[in-house]
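The values are calculated or read from the model by the stated rules, or taken from the named source; none is laboratory data. These figures come from a predicted structure and were not determined experimentally. So basically every Cβ, Gly included, is an ideal-geometry build from the backbone, and we count neighbours across all protein chains shown. Note: areas computed on protein heavy atoms with side chains; ligands, DNA, RNA excluded. Shrake-Rupley method; radii C 1.70, N 1.55, O 1.52, S 1.80 Å.
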Amino acid sequence: GAIEGTHTFTVRAVDAAGNRGPEAMRSITIDTTLPTVPSLVSPPATIGNDATPTFAFAGEPSATFQCSLTTGADNFTGCTSPFTATLLVAGDYVFKVRQIDQATNVGPVVSRPYSLDLTPPAVPTFTALGSTSPANNNAPLVLGSAEPGSEVRLYGNDATCAGAAIGGPVAASVFATP
């Protein structure tokens with residue numbers, strides 16, 4: 001087989017009488033080297049509620065890209081960066097991108113999981129109040145539980161409790177006011 005690089009070939013026809021025709025030349029570049037792995041430069045968080053996540057990536061200047069975003073078998077199609085998907089159902093997806101060089105060598109894949117979660121957490125429950133109502137304490141203790149991984153925010157009927165985070169996101173399911 002030929003060695004990688006540019007090679008020039010010359011051909012000439014010779015007829016039965018020995019007459020030589022003009023030469024024709026052609027150069028060909030042999031490239032069997034795979035392109036490098038593309039880099040994900042701006043992927044979304046691995047879990048979110050955005051049904052149109054955008055993945056930005058970069059690679060070799062002359063390469064083209066193929067992307068796949070599925071919940072199962074790969075389905076690569078031509079794409080450009082940034083790649084914005086339209087997801088129709090919640091679930092666990094895997095985004096993959098690879099590059100193809102001018103010699104049609106297909107490079108390795110880089111992947112990133114993305115979970116589309118469209119289900120709101122369950123209503124938090126109060127397990128205890130540090131004060132009874134009415135109270136003479138302007139910083140009452142509020143205890144409760146919520147879905148693991150969710151953030152609990154405290155809202156009141158005035159500006160002093162306007163959505164302050166009092167718990168999460170953590171693996172535990174207990175919250176308390178500071």
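Before moving on, here are some points about what is shown:
- Candidates A85, A73, A51, A63, filtered to the one that is free of Cβ contacts under 8 Å to residues at least 40 places away in the same chain and open to solvent by less than 40 Å² (accessible area, probe 1.4 Å): A85
- Candidate set from segment 37-48 (those that are among the small types (G, A, S) and either closer than 23 Å to G149 by Cβ or without any contact (Cβ under 8 Å) to a residue 12 or more places away in the chain (or both)); member that is least open to solvent (accessible area, probe 1.4 Å): G48
- Unique residue being surrounded by 12 or more Cβ atoms within 10 Å (Cβ to Cβ) and free of Cβ contacts under 8 Å to residues at least 24 places away in the same chain when the list is A16, A24, A58: A58
- Of all residues making up segment 98-117, the number that are open to solvent by less than 60 Å² (accessible area, probe 1.4 Å) and either of a type in the set (F, W, Y) or over 21 Å from D31 (Cα atoms) (or both): 4
- Residue that is farthest from the chain's Cα centre (by Cα), among those in segment 104-154 that are modelled with pLDDT of 80 or more, outside any loop (DSSP other than H, G, I, E, B) and not small (G, A, S): T125
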